[in-house]
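Heads up: the structure comes next, in structure tokens.
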Amino acid sequence: MRSLPHPVQAKFLLSFDFDGTLHDPSQSPPVPAAFFEVIRQLRETHGAVWGINTGRSMPQMLEGFIESAFPFLPDWVIAREREIYTPNNFGRWLPDSKWNARCEKEIHRLFKKSRKLLERVRHEVELHTGAQWIEMAGEPAGIISRTEEEMEWIVAHMQSLIGEQPAFSWQRNSIYLRFGHRDFQKGSTLAHVAALYQIPNAGCFAIGDSHNDLEMLSPAYSGMAACPANAVSAIRELISQRDGFVARQCAGFGAIEALEHFFRS
Ligand SMILES: [Mg+2]
């Protein structure tokens, strides 16, 4: 599988969160086939390039392409909210080595500097909640809580703990949380992709449904922003406040509605 033929001059950049925004596991197929037709048309009429901006890892995203029967690949993927990948002519995914390495280095350095703080956070989480602390390769990777309410408590509590290390940050998606660096999230990574295509902020469209989409949906990173009807309240509020588009339909059908709102009116 490959991407659509590249436009001579890319004019718009479309950024889609995956789970809950394009993908709805209760639907068959999970991503509506009509979505891809709209993308195909916007490529022709608007010189639009598009990508998935997700909390999934790249291997999990590849599973998603197969499960959802993508007829063609996106032009880029932002995985784990911060790693950039693009497909080559054979549909093989290659990392943006420079950006990905810089991001990993900065995060590693920050974790090292924040060791005491992280120990305190872990202690508090394990003392007061039943959430699971996840580590990978010796680094604090994240937290999985038992309920949304538990995660609300954890996030509120962490906010009061991190004052001494403002670069320390996290991305939340429902009961999942990934630790990271304030400067590397869906928004800043999207800005990097936009710069590669030389597309200004006004030409960037983003749509998402959960907390880890907050940055990319802020006016700093997207001139046009939307959310599907199933978005969490924090996202709906942000979209309403900034004069974005709140779709009436859920997930992929909401994404189609949003594209029609911005590009066909
Ligand atoms: Mg989502």
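The values are calculated or read from the model by the stated rules, or taken from the named source; none is laboratory data. Just so you know, these numbers come straight off a predicted model, no measurement behind them. Neighbour counts are summed over all protein chains in view; Cβ atoms, including those assigned to glycine, are modelled from backbone coordinates with ideal geometry. The area values use the complete protein model at the heavy-atom level, side chains included, leaving out ligands, DNA and RNA. Shrake-Rupley method; radii C 1.70, N 1.55, O 1.52, S 1.80 Å.
Run down GLU126, GLU67 and say which single residue is within 16 Å of the ligand (Cβ to nearest atom) and out of contact with any Lys or Arg (no Cβ under 8 Å at 6 or more places or on another chain).
It is GLU67.
Given VAL77, VAL125, which one is closer than 28 Å to ALA234 by Cβ, part of a strand (DSSP E or B) and in contact with a helix residue (DSSP H, G or I) (Cβ under 9 Å, 6 or more places away or on another chain)?
Just a single option satisfies the conditions, and that option is VAL77.
Here's the yes/no breakdown for (1) of a type outside the set (Phe, Trp, Tyr); (2) modelled with pLDDT of 95 or more:
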residue: THR86; (1), (2): yes, yes
residue: PHE90; (1), (2): no, no
residue: ASN100; (1), (2): yes, yes
residue: ARG115; (1), (2): yes, no
residue: MET136; (1), (2): yes, no
residue: SER145; (1), (2): yes, yes
residue: MET158; (1), (2): yes, no
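Taking the conditions exactly as written (open to solvent by less than 80 Å² (accessible area, probe 1.4 Å) and part of a helix (DSSP H, G or I)), does LEU161 satisfy them or not?
Yes, satisfied.
Can you find a residue in segment 82-97 that is open to solvent by 20 Å² or more (accessible area, probe 1.4 Å), within 19 Å of the chain's Cα centre (by Cα), within 16 Å of the ligand (Cβ to nearest atom) and touching a residue at least 12 places away in the same chain (Cβ under 8 Å)?
There is no residue in segment 82-97 that is open to solvent by 20 Å² or more (accessible area, probe 1.4 Å), within 19 Å of the chain's Cα centre (by Cα), within 16 Å of the ligand (Cβ to nearest atom) and touching a residue at least 12 places away in the same chain (Cβ under 8 Å).
Please determine whether any residue of segment 254-265 is closer than 23 Å to ALA10 by Cα, in a loop (DSSP other than H, G, I, E, B) and at pLDDT below 95.
Yes, because at least one residue in segment 254-265 is closer than 23 Å to ALA10 by Cα, in a loop (DSSP other than H, G, I, E, B) and at pLDDT below 95.
Would you mind finding the one in GLY55, GLY64, GLY51, GLY20 that is open to solvent by less than 10 Å² (accessible area, probe 1.4 Å), in contact (Cβ under 8 Å) with a residue 40 or more places away in the chain and within 12 Å of the chain's Cα centre (by Cα)?
GLY51
Quick check on this structure: which one of LEU42, LEU4, LEU14 is open to solvent by less than 50 Å² (accessible area, probe 1.4 Å) and farther than 22 Å from GLY254 by Cα?
Result: LEU4 is the single residue among LEU42, LEU4, LEU14 that is open to solvent by less than 50 Å² (accessible area, probe 1.4 Å) and farther than 22 Å from GLY254 by Cα.
Can you run down the residue pairs with Cβ atoms below 8 Å, 6 or more apart or on separate chains, where the first is in segment 99-117 and outside the structural domain of VAL193 (by TED's automatic domain parsing) and the partner is loosely packed, with under 12 Cβ neighbours inside 10 Å and part of a helix (DSSP H, G or I)?
Hits for this filter: LEU117/GLU164.
Among the residues of segment 229-251, are any open to solvent by 40 Å² or more (accessible area, probe 1.4 Å) and under 13 Å from the mean Cα position of the chain (by Cα)?
Among the residues of segment 229-251, not one is open to solvent by 40 Å² or more (accessible area, probe 1.4 Å) and under 13 Å from the mean Cα position of the chain (by Cα), which makes the answer no.
Kindly establish whether ARG264 is out of contact with any Phe, Trp or Tyr (no Cβ under 6 Å at 6 or more places or on another chain), open to solvent by 20 Å² or more (accessible area, probe 1.4 Å), under 24 Å from GLY47 (Cα atoms) and among the basic types (Lys, Arg).
In short, yes.
Report, by residue number, each residue of segment 1-31 that is within 16 Å of the ligand (Cβ to nearest atom), part of a loop (DSSP other than H, G, I, E, B) and not small (Gly, Ala, Ser).
ASP17, PHE18, THR21, LEU22, ASP24, PRO25, GLN27, PRO30, VAL31
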